[in-house]
Amino acid sequence: MQRIGFLKPSPSWMRTTIALLGVAVFAATAASAQTAAPPRHFAIRGARIVTGAGNTIDGGTIVLEDGLITAVGRNVTVPAGAWVIEGEGLTVYPGLIDGLSTLGLPASLRVSERGRRPGFGGGGGGGGEGQQGADQPPFSRGPEDRPATTPWINAADELQIDDDSLATWRNAGFTSAMVVPEKGLFPGQGALINLAGDRPRDMVVKTPVALRVTLSSGGASRGYPGALLGVFAYIKQVFFDAAHYDQAWSIYERSPQGMERPVYDRALEPLRDALNARQWVMLPGTWAREIRRAINTGEEVGVSTLVYGAHQGYQVADVLAEHNVPVLVSLDWPHRDRNADPDADEALRVLRFRDRAPTTPSVFVQAGVQFAFYSDGITAPRTVMNNVRRAIGNGLSEDDALRALTLSPAEIFGVADRLGSLEVGKIANVVVTDGDLFDAETKVQMVFVDGRKFDVDETVTTVARGGRGGRGDSEQGEEGGDVGPMGPPLPMVNDRGPINPTAVTVIQNATILTVTHGTIENGSILIRDGKIAEVGQNITVPSGARVIDGTGKFVSPGIIDAHSHLAADAINEGSVAVSAMVGIEDVLNPDQIGIYRALAGGVTTANVLHGSANPIGGRNAVIKLRWGADAPGLLFEDAMPGIKFALGENTKRDREPDRYPATRMGVQDVIRQAFIEAQQYRSDWQEYEQSRASGNENVIPPRRDLKHETLVEVLEGKRLVHAHSYRADEILQLLRLAEEFGFRIATFQHVLEGYKVAKEIAEHGAGASTFSDWWAYKVEAYDAIPHNAALMTEKGVVVSINSDSGEEIRHLNQEAAKAMKWGGLSEDEALKLVTLNPARQLRIDDRVGSIEVGKDADLAIFSAHPLSIYAVVEQTFIDGQLYFDREHDRSLREALKQEKEALKEKHKGGRPERITTDDTLDGGREKVR
Amino acid sequence: MRTNRLSGCLGVLCLLVASPGWAQGGAQVYAIRGGTIYTVSGDPIESGTVLIQGGLITAVGANVSVPAGAVVYEAAGLQVYPGLFDAMSRLGLTEIGQVTVTSDMNELGEYNPHLLAATAIHPASEIIPVTRANGITHAVAAPTGGSGGIGGQGSLIHLDGWTVEEMLIEPSVGMVLNWPSLGGGRGFRRRGPPRPFAERKERHDKQVAQLESWLEASRHYARAMASGSPPRRDLRLEALGRVASGELPFLVMANSDREITEALEFAERNNVRIIIAGGREAWKVADLLAEKQVPVILGATQALPSGEDDGYDQAYANPGQLYEAGVKFGFATFGASNSRTLPYEAAMAVPYGLPWEEALKAVTINSAEILGVGDRLGTIETGKIANVIVTTGDPLNIQTEVRFVFVNGQPIDLQNKHQSLYEKYRARR
């Protein structure tokens, strides 16, 4: 994969070497240059010294001897043997530290341009390179294959001294960097290095300091994990495996006799260190939701988390502070994709992100979040400094900016006792400038690394690197130029979250469709503290209550969608036939506009399901559409957990390479095998617990397995099965299989031929969640009839109508109405299909699904009867708060338009560069069934 | 729905139904009596009567007397409308979406102006009876084709007939041109980075230039054919010549405002007639469309807004905005199995700014006029083809039932695959 060998002299390499030789200083690239190097004994006299430790000394002297700082101050005597540098007009700073980089590492450990942004892409298939031809990476069939996992690689062992970029960064004042491999899910461990040395090993200051985790295999594997869902499950499983490994070995070492030895695993060895808090675990997170995921993942597996990326850190500074998680902030501020259509409309969400990302550092300072800067693949150091200036323009003090480039990274990496400030005894890493470091006109005059002096060669200002597709040299001239506006962020229209929150609301004089207690004409509803407090015709309005005139309007319970893929960054972990280890909760995306659009359709609760690519899919997440909340805030509190199963065509469709099953026989076999394994897993644990209970200390516990663990919950009735299905025969087979293992299917999803076996479904006690009138899009949907919902209802099945679509979710009331036309359901029965019945199916009917005292005040107000196609949702309430209001929506439109125009104006002319928008699906997947 | 049919002839001598005239329709007169007639061409007629004979509407009015021997359909308390028109569909061209061998709508090759949908229409498709049971009586079946290419010609058909010859109303109503896209160009499931814009633009421009050179070639061909020494016959150029001469319009599949604008400029530059098909962002260029008097066959109203920052209801509001601007449009499903949901696409626009009467026109007369058959279809008027439906109410509302359907002057058995399966499994004990 190495396209340009680093051992091969490139023209820029030659230039660098010659330039360095020319000024007769030590050159890292050529041992012969050593002879020209003076002794490491310098004194800079009469300079302005910014110590970085809180004080600035004007007209001070700093002495560097044998690689260390031996004196700093105003009244320092210059030693006789020192080479004296007159510091008049110069400023001395601590050498800058790049908090995260791949400097000095071979191309084989780096990722090409497209895969670089943390949190971008879904791993597995997303990597791109190396996927064609005979050179395919290995196919992974599960966590046990350890895909793209090489944590044993230590940056310190891989350094290449002849990397010409080292000089480039030194020239800009960077004397140290934390370098770590970046390719793969567990690419390796990082080392803090100085950016000069005779031999690679001279450069290492400390190692290992951090174990990197990414969310993309970067093309280093295929198969599992194939989506972001699997990536999180995989990361967790590997850490759980490491904990088990650690435990198993210590039990074994205690008394090996009579015990089979645990299997050596080089991938897990370094993770033991991480678990024992001997090094950081770096987890990526650019957007706020990704940062939260990183924090949660780190806590779940029990490691010390260091987040990197953090462009939307401004939104989660309090969370980071609360969890005491330090951050490496990428200085590669978001910007427009160079390859984008110049006329394409960019979303306000993206523009706001671009505008506010540079406020993150100042927000972190205020919130007390520890952070350091890193260059994140920027190839021109000048761009790095320009981008620091943007942070300063957005409220960061120069002192704090300097700190984020010096002492703060030193503290984070545990080397503050030797780096990060100009103090006696510390390593002599020093940068000397002709002015203020953050002044655009300032030039670096000389740099000291380990007390060696380097003069600055201005011809080398850009890193020339191979393997960085799309970011070649030719662009670099521009990179240092226009980097985007320096000024503070523009004000934001408040367009998310509850509208005018109030504790008490009364809806008056409306037609109330209670669903459980008939229709109340001219009725009122009193809402207090999120609950329905009273329903009836004579309700006194408490003082201070918000009053909503419902004259001529219809109030229904909030619509519930029993099958949605809303608000998720990934849907299908289809790389394996059983993906019970993955969960939608890991990838919830509260920023998806589809949430708001569904709210505008009166929807208040949705069952967010894994896709149907495999017989056993992933865990679901039941959410309330609390637009504006973060991912945990979306979750329906205490909703019973569930899992997606799938039968039929989607699961057995051809896949590359062949994936079992390919028939309905195989589908059932996969499910049966999975439960047999889960039963075995359960009994292994029971056996272990018994053995422990009987006093046996020397037993190695079974390995915790997220897949089996989930299925054991199904066996024990603690997790609901939602089974995607079409044909009558497959429905029947799964019923019988569940009965064989002693659990009940909670719902059949889609279940288009459910009407043929409605009797059996009803007897089993399963629910059915179907489409209104879709058919003939595939063979197993050819016998679908629009009477399905009505006919199953008639035969005693609890039926709901679901959307499975970001579009259809917006008019589920109309879809329910179709069951009146086809099959003759009554109005009440029809309305139940999208309110009470899905609530019953999800076991949340004690909280939602009807308008009853004590239930959550999740309501939709319609302009006409909701079963009329002409009905429009006017307001939607969740927990008694107004989350959608048609009037409010209209009133905001102009302001949002103006904000967007202002943002576009402010950011126009910025250099177009690589992808900065996230890969969010907009919830608009149409009819993927 | 068989019961409905029976109830329809309860009031008359059912024996007549069995007469030879039934099969041919020739002399048999059918009378729809006593319903409210929404002619679309004028005000509704209370307690009116529609007479049908020989495939045509022969009389409409409040004071029409029913001739002896007519089969009478009692419509008291019911409403009578022109049959609904799905202005662009895949009816008869596909049966099961994911089974490509059941699909005859997308031929290989970029430029297929000479291909005709009617050639491949499958009269026995199970989808057709399901569709007409909800009041859709005629539709354009159109081929698809790839971006930047010409997919073939769309055929206007009745949704009834033993053979395609019996179904055909107009073999060709326009030629499908998929406007060259400048879109994202990302691969399957949006994996991988988008192709650079410059690359996409280059390809797009080349495609537009190709289309222009095809048109030029067809004009040259026509001139050569008219000359003393005609060249070898070229079916593609011959077919395209009908568009070049203005005889047939291009049905230009275009959704974004940029695509639509480009198509309008293209039409002007090359002096061809176009109808925009799709039109998701037509609202952005509504004034331009009105000014150029170019009509639109609209796709789904029940759709997501195209831009993240567009109003949540933008797709619902699109038809109303076009109406306000004076753009002529009709609705289409661009599908087959979902063709029966056509009335709901129209209804959805009503609370968002489209008057109900206009919504009704957009599934009846507008599409007929846009496609050049307004003199034969789209209203209940004497002399028009008798595609008529009788309903329990507003045909755009969901709960409304369709009681009687006449296609090409024939009463239609409303039984279909869905109804049969329903009855069969409902009886399961």
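The values are calculated or read from the model by the stated rules, or taken from the named source; none is laboratory data. What you are looking at is a predicted structure, and each value in this text was computed from that prediction instead of being measured. Note: ideal-geometry Cβ built from the backbone for every residue, glycine included; neighbour counts use all protein chains shown.
Per-residue answers, yes or no, for (1) on the phi > 0 side of the Ramachandran plot; (2) within 14 Å of chain B (Cβ to nearest Cβ):
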residue	(1), (2)
A:Pro838	no, no
A:Ile844	no, no
A:Val872	no, yes
A:Asp879	yes, no
A:Glu901	no, yes
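Please specify each residue of the stretch A:579-627 satisfying the condition of being away from chain B (no Cβ under 13 Å) and among the basic types (Lys, Arg).
Once the filter is applied, which keeps residues that are away from chain B (no Cβ under 13 Å) and among the basic types (Lys, Arg), the stretch A:579-627 yields A:Arg619, A:Lys624, A:Arg626.
Do we have A:Gly223 as modelled with pLDDT of 95 or more and surrounded by 14 or more Cβ atoms within 10 Å (Cβ to Cβ) here? Working first, answer last.
Numbers: modelled with pLDDT of 95 or more: no; surrounded by 14 or more Cβ atoms within 10 Å (Cβ to Cβ): yes.
Spelling it out, it is not the case that A:Gly223 is modelled with pLDDT of 95 or more and surrounded by 14 or more Cβ atoms within 10 Å (Cβ to Cβ).
Would you confirm whether or not the stretch B:73-84 contains a residue that is assigned to a strand (DSSP E or B) and without any contact (Cβ under 8 Å) to a residue 60 or more places away in the chain? Spell out how you get there, then give the answer.
Filtering the stretch B:73-84 for residues assigned to a strand (DSSP E or B) gives B:73-74, B:79-82, B:84.
From what is left, the residues that are without any contact (Cβ under 8 Å) to a residue 60 or more places away in the chain are none.
Scanning the stretch B:73-84, I find no residue that is assigned to a strand (DSSP E or B) and without any contact (Cβ under 8 Å) to a residue 60 or more places away in the chain, so the answer is no.
Collect the residues in the stretch B:356-396 that are over 24 Å from B:Pro171 (Cα atoms), within 14 Å of chain A (Cβ to nearest Cβ) and among the β-branched types (Val, Ile, Thr), keeping them in residue-number order.
B:Thr391, B:Thr392
How many of the residues making up the stretch A:761-789 are closer than 19 Å to A:His811 by Cα and facing chain B (nearest Cβ under 8 Å)?
Looking only at that region, the number is 5.
Looking only at the stretch A:790-818, how many residues end up being polar (S, T, N, Q) and at the interface with chain B (Cβ under 8 Å from one of its Cβ atoms)?
Of the stretch A:790-818, the ones polar (S, T, N, Q) are A:793, A:800, A:802-803, A:805, A:813-814.
Keeping just the survivors that are at the interface with chain B (Cβ under 8 Å from one of its Cβ atoms) gives A:814.
Here the count works out to 1.
Only one residue in B:Val402, B:Val363 is aliphatic (A, V, I, L, M), closer than 18 Å to B:Glu74 by Cβ, crowded, with 21+ Cβ neighbours inside 10 Å and not assigned by TED's automatic domain parsing to the domain that holds B:Ala27. Which one?
On the way: B:Val363 fails: closer than 18 Å to B:Glu74 by Cβ.
Result: B:Val402 is the single residue among B:Val402, B:Val363 that is aliphatic (A, V, I, L, M), closer than 18 Å to B:Glu74 by Cβ, crowded, with 21+ Cβ neighbours inside 10 Å and not assigned by TED's automatic domain parsing to the domain that holds B:Ala27.
Of the residues that sit in the stretch A:233-267 and are within 30 Å of A:Gly617 (Cβ to Cβ), in contact with a Pro (Cβ under 8 Å, 6 or more places away or on another chain) and not charged (D, E, K, R), which one is surrounded by the fewest Cβ atoms within 10 Å (Cβ to Cβ)?
Among those that are within 30 Å of A:Gly617 (Cβ to Cβ), in contact with a Pro (Cβ under 8 Å, 6 or more places away or on another chain) and not charged (D, E, K, R), it is A:Ala267.
Looking at A:Gly806, A:Gly823, A:Gly854, A:Gly765, which is the one that is within 35 Å of the chain's Cα centre (by Cα) and modelled with pLDDT of 95 or more? Show your work before the answer.
Values: A:Gly823 fails: within 35 Å of the chain's Cα centre (by Cα); A:Gly854 fails: within 35 Å of the chain's Cα centre (by Cα); A:Gly765 fails: within 35 Å of the chain's Cα centre (by Cα).
Only one candidate passes the filter, namely A:Gly806.
Could you check A:Ala380 against (1) at pLDDT 95 or above; (2) over 20 Å from A:Gly313 (Cα atoms) and say which number it fails?
(1)
I need the full set of residues from the stretch A:882-909 which are of a type in the set (D, E, K, R) and touching a Gly at 6+ places or on another chain (Cβ under 9 Å), in order please. Walk me through it before giving the result.
Filtering the stretch A:882-909 for residues of a type in the set (D, E, K, R) gives A:885-887, A:889-890, A:893-894, A:897, A:899-901, A:904-906, A:908.
Those that are of a type in the set (D, E, K, R) and touching a Gly at 6+ places or on another chain (Cβ under 9 Å): A:Asp889, A:Arg890, A:Arg893, A:Lys906.
Is there any pair linking a residue in the stretch B:213-231 that is exposed (fewer than 12 other Cβ atoms within 10 Å of the Cβ) to one that is of a type in the set (A, V, I, L, M), with Cβ under 8 Å and at least six apart or on different chains, and which?
So the pair list comes out as B:Pro230/B:Ala224; B:Pro231/B:Ala224; B:Pro231/B:Met225.
Of all residues in the stretch A:342-397, count the ones that are closer than 30 Å to B:Pro305 by Cα and not basic (Lys, Arg). Can you show your working first?
Taking the stretch A:342-397 and keeping what is closer than 30 Å to B:Pro305 by Cα, we get A:342-357.
Filter once more, so that each one left must be not basic (Lys, Arg): A:342-348, A:350-351, A:353, A:355, A:357.
Here the count works out to 12.
Please state which one of B:Arg195, B:Arg189, B:Arg219 is more than 8 Å from every other protein chain (Cβ to nearest Cβ), modelled with pLDDT under 95 and either assigned to a helix (DSSP H, G or I) or under 30 Å from A:Ser217 (Cα atoms) (or both).
On the way: B:Arg195 fails: more than 8 Å from every other protein chain (Cβ to nearest Cβ); B:Arg219 fails: modelled with pLDDT under 95.
Unique residue meeting the criteria: B:Arg189.
Among the candidates A:Gly633, A:Gly628, A:Gly618, single out the residue that is in a strand (DSSP E or B) and within 19 Å of the chain's Cα centre (by Cα). Quick ask: steps written out before the conclusion?
Numbers: A:Gly633 fails: in a strand (DSSP E or B); A:Gly628 fails: in a strand (DSSP E or B).
Within the list A:Gly633, A:Gly628, A:Gly618, the selection yields A:Gly618.
Taking the stretch B:314-329, which residues are over 17 Å from B:Pro355 (Cβ atoms) and buried (at least 22 other Cβ atoms within 10 Å of the Cβ)? It would help to see each step written out before you state the result.
Step one: filter the stretch B:314-329 for residues over 17 Å from B:Pro355 (Cβ atoms), giving B:314-315.
Within the stretch B:314-329, B:Ala315 is the sole residue that qualifies.
Condition test on A:Pro262, is it in contact (Cβ under 8 Å) with a residue 12 or more places away in the chain, in a loop (DSSP other than H, G, I, E, B), more than 30 Å from A:Arg403 (Cα to Cα) and away from chain B (no Cβ under 14 Å)?
Details: in contact (Cβ under 8 Å) with a residue 12 or more places away in the chain: yes; in a loop (DSSP other than H, G, I, E, B): yes; more than 30 Å from A:Arg403 (Cα to Cα): yes; away from chain B (no Cβ under 14 Å): yes.
In short, yes.
Within the stretch A:186-220, which residues are of a type in the set (S, T, N, Q) and either under 21 Å from A:Arg659 (Cβ atoms) or modelled with pLDDT of 95 or more (or both)? Before you say what the answer is, go through the steps one by one.
Keep residues of the stretch A:186-220 that are of a type in the set (S, T, N, Q), which gives A:189, A:194, A:207, A:214, A:216-217.
Once the filter is applied, which keeps residues that are of a type in the set (S, T, N, Q) and either under 21 Å from A:Arg659 (Cβ atoms) or modelled with pLDDT of 95 or more (or both), the stretch A:186-220 yields A:Gln189, A:Asn194, A:Thr207, A:Thr214, A:Ser217.
Which of (1) within 25 Å of A:Ile525 (Cβ to Cβ); (2) surrounded by fewer than 23 Cβ atoms within 10 Å (Cβ to Cβ); (3) facing another protein chain (nearest Cβ under 10 Å) is the odd one out, the single condition A:Ser850 does not satisfy?
Looking at each condition in turn, A:Ser850 falls short on (3).
Conditions: (1) in contact with a Lys or Arg (Cβ under 7 Å, 6 or more places away or on another chain); (2) on the phi > 0 side of the Ramachandran plot. A:Asp638 meets all but one. Number of the miss?
With (1) in contact with a Lys or Arg (Cβ under 7 Å, 6 or more places away or on another chain); (2) on the phi > 0 side of the Ramachandran plot applied to A:Asp638, the lone miss is (1).
The rows are residues; the columns are (1) more than 10 Å from every other protein chain (Cβ to nearest Cβ); (2) within 23 Å of B:Thr400 (Cβ to Cβ); (3) of a type in the set (D, E, K, R); (4) under 13 Å from the mean Cα position of the chain (by Cα).
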position: B:Val296; (1), (2), (3), (4): yes, no, no, yes
position: B:Pro305; (1), (2), (3), (4): no, no, no, no
position: B:Ala317; (1), (2), (3), (4): yes, no, no, no
position: B:Gln321; (1), (2), (3), (4): yes, no, no, no
position: B:Thr333; (1), (2), (3), (4): yes, yes, no, yes
position: B:Thr341; (1), (2), (3), (4): no, yes, no, yes
position: B:Leu354; (1), (2), (3), (4): yes, yes, no, no
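Checking A:Glu585 against (1) in contact (Cβ under 8 Å) with a residue 60 or more places away in the chain; (2) surrounded by fewer than 24 Cβ atoms within 10 Å (Cβ to Cβ); (3) under 17 Å from the mean Cα position of the chain (by Cα): exactly one of these is not met. Which one?
The one condition A:Glu585 does not meet is (1).
Could you count how many residues in the stretch A:328-374 are in a helix (DSSP H, G or I) and more than 8 Å from chain B (Cβ to nearest Cβ)?
First, the residues of the stretch A:328-374 that are in a helix (DSSP H, G or I): A:348-367.
Now narrow it down to the ones that are more than 8 Å from chain B (Cβ to nearest Cβ): A:350-367.
Adding up the residues that qualify gives 18.
Yes or no, residue by residue, for (1) surrounded by 15 or more Cβ atoms within 10 Å (Cβ to Cβ); (2) in contact (Cβ under 8 Å) with a residue 40 or more places away in the chain:
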position	(1), (2)
A:Leu490	yes, yes
A:Asn494	no, no
A:Val504	yes, yes
A:Thr514	yes, yes
A:Ser524	yes, no
A:Lys531	yes, yes
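Residue check: is B:Thr137 over 24 Å from B:Tyr422 (Cα atoms), of a type in the set (Ser, Thr, Tyr) and modelled with pLDDT of 95 or more? Walk me through it before giving the result.
Details: over 24 Å from B:Tyr422 (Cα atoms): no; of a type in the set (Ser, Thr, Tyr): yes; modelled with pLDDT of 95 or more: yes.
Criteria not met by B:Thr137.
Within the stretch A:227-259, track down each residue that is out of contact with any Asp or Glu (no Cβ under 6 Å at 6 or more places or on another chain), farther than 22 Å from A:Thr305 by Cβ and touching a residue at least 60 places away in the same chain (Cβ under 8 Å).
Across the stretch A:227-259, the qualifying residues are A:Ala248, A:Ile251, A:Tyr252, A:Arg254, A:Ser255, A:Met259.
Could you tell me how many of the residues in the stretch A:197-210 are surrounded by 24 or more Cβ atoms within 10 Å (Cβ to Cβ) and out of contact with any Phe, Trp or Tyr (no Cβ under 7 Å at 6 or more places or on another chain)?
Residues meeting the conditions: 1.
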